Amino acid sequence: MQPKELLALAEEFGSPLYVYDATTIEHQYNRLTTAFSKVERLRINYAMKALSNLSVLKLLKKCGSGLDTVSFQEVQLGLHAGFSPDKIIFTPNGVSFEEIEAVAELGVQINIDNLSVLEHFGTKHPKVPVCIRINPHVMAGGNENISVGHIDSKFGISIYQIPHVLRIVENTGMHINGIHMHTGSDILDIEVFLYAAEILFDAAKQFKELDFLDFGSGFKVPYKKGDIETNIEELGKKLTKRFLAFEKEYGRTLTLAFEPGKFLVSEAGFFLAKVNVVKQTTSTVFAGIDSGFNHLIRPMFYGSQHTIENISNPKGKERFYTVVGYICETDTFANNRRIAEIKEGDILCFKNAGAYCYSMSSNYNSRFKPAEVLWKDGKGHLISKRETFEDLIKNQIMIEV
Ligand SMILES: *Cc1c(COP(=O)(O)O)cnc(C)c1O
């Protein structure tokens, strides 16, 4: 999107504001399906925890996407947005048995990542097909080294425990219809991804009635110059080849599934905030914006570096600024960054603000969550209102004290 268009949206809808470009989301979705177009049965399940606005869900549904969910409430939101239960997969970690049962009851595919839960579920509901989430114990170690690690991760059933899984399946008569892995941010390049895929194929061979193999996500998008980006096109070529060979070996057609969050929505998002104060101290020039980690916590939480542009003065001379928020805590968005000269009242634009930004926002300091706008067909559509004082107090009960 152009700085001018974003600036106009900040004027129309106020700040701070989240803006999502529909075209970018569609483009990323199509990139992924094109990269795997030789796979007969491909399934993309958008990991909705990245950005769970109903209109964004509808947009992805229109693209042909399914949903990856991690809570009963996400499943409810998905159904509310019009997804049918068979287009939703539930991949929770550490939730109650009752929650898993409640989701399965809706006809949603469940994915189990714990032996005791698997045994309990298989005993009680032997007819409900279940996917298992394995932990391939793969992570990128050092430079190009692939190492076996994360033996302690809380996610997944260890590949070393597959014999135990097989025993549970035999004893309960349950049906395992999918094998899943999601190693998240451990996977940095394609070779590591393919290495983990081999482990998944190996595990899959031991189950005779699979319908799908789910390779999770962990695709990287660049946040700043020089960042690693997953080359989806190359991964598509290499994994497709390997997948087709596996199908032959396995003796039946399988669905190849992915569940990207960040890849689909990160780059589509822009966070717009107004500069309240420019403050020169003895050593630093601070630009203080009308937001904080209550609206965008990733820089403080993960150290993620969002590119920041001054869209009010895009051609201005670059100077060094430390961009901070208005929260009564240290809430530094960026340290000594080169940004086009900033005046009070200017609008700063944070890039890559689609994934894990609004969905992680809070009311800390009793601030309202920002509004969200979907940019589609050259127009900004309000898709969630800025909160009001009513929202802050709606669940509170003021008792006589
Ligand atoms: C969060 C999550 C994803 C999405 O990860 P991204 O890095 O955003 O692509 C996929 N699968 C599961 C199980 C997840 O928890």
State which helices in the chain qualify, where a helix is a whole DSSP H run, it must extend 24 Å or more along its own axis by its Cα atoms, and its mean Kyte-Doolittle hydropathy must be at least -1.0.
232-250
Could I have the simple spin-label model distance between S158 and S84, label points 7 Å from Cα toward Cβ, reported in nm to one decimal?
4.1
Let me check against my output: what whole-number percent is the relative contact order of the chain, with C-alpha pairs under 8 Å and at least 6 apart?
20
What distance in nm lies between label points placed 7 Å from Cα along the C-beta direction at S366 and E198?
5.9
By a straight-distance test (C-alpha under 13 Å), which aspartates and glutamates pair with K205 as possible cross-link partners, with residues fewer than eight away in the same chain excluded?
E247, E249
Considering Cα pairs under 8 angstrom that are at least six residues apart, work out the relative contact order of the range 3-85 and quote it in whole percent.
25
Please say if the range 1-110 is rounded, prolate or oblate, where rounded means a/c under 1.5 for a ≥ b ≥ c the square roots of the C-alpha gyration tensor eigenvalues, and otherwise the choice is prolate for a/b larger than b/c and oblate otherwise?
oblate
Surrounding net charge for L6, when Lys and Arg each add one and Asp and Glu each subtract one, Cβ distance under 13 Å:
-3
Count the net charge of all other residues whose Cβ sits under 10 Å from the Cβ of H27, scoring Lys and Arg as +1 and Asp and Glu as -1.
-2
Inverse mean reciprocal Cα-Cα distance (Kirkwood Rh) of the range 149-278, Å
17.0
Cross-link pairs beyond the 22 Å C-alpha cut-off, checked among K58/K376; K58/K262; K87/K238; K61/K379
K87/K238
If contacts are Cα pairs under 8 angstrom and at least 6 residues apart, what is the relative contact order of the range 286-401 in percent?
26
Rank by packing, highest mean first: peptides 258-267, 245-254, 284-293, with packing defined as the count of other Cβ atoms within 10 Å averaged across residues.
258-267, 284-293, 245-254
Subtract the Cα-Cα distance of T123 and F389 from 0.36 nm times their separation in residues, and report this length gain in nm to one decimal.
90.9 nm
More than 17 angstrom separation, counting every C-alpha pair in the range 333-401; what % is that?
65
So, over other residues within a Cβ distance under 12 Å of V117, counting Lys, Arg +1 and Asp, Glu -1, the net charge is -3
The chain - Kirkwood radius from inverse mean 1/r over Cα pairs (Å):
22.8
So for R0 = 30 Å, FRET eff. of R41-N93 from the Cβ-Cβ r, to 0.05, ends up at 0.65
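Every read-out reported here was derived from the displayed coordinates using simple, explicitly stated rules and does not represent laboratory data. As the structure is a computational prediction, the values presented were derived from the model and not from experiment. Every residue, glycine as well, gets a Cβ built from its backbone with ideal geometry; the counts of neighbours run over all protein chains shown.
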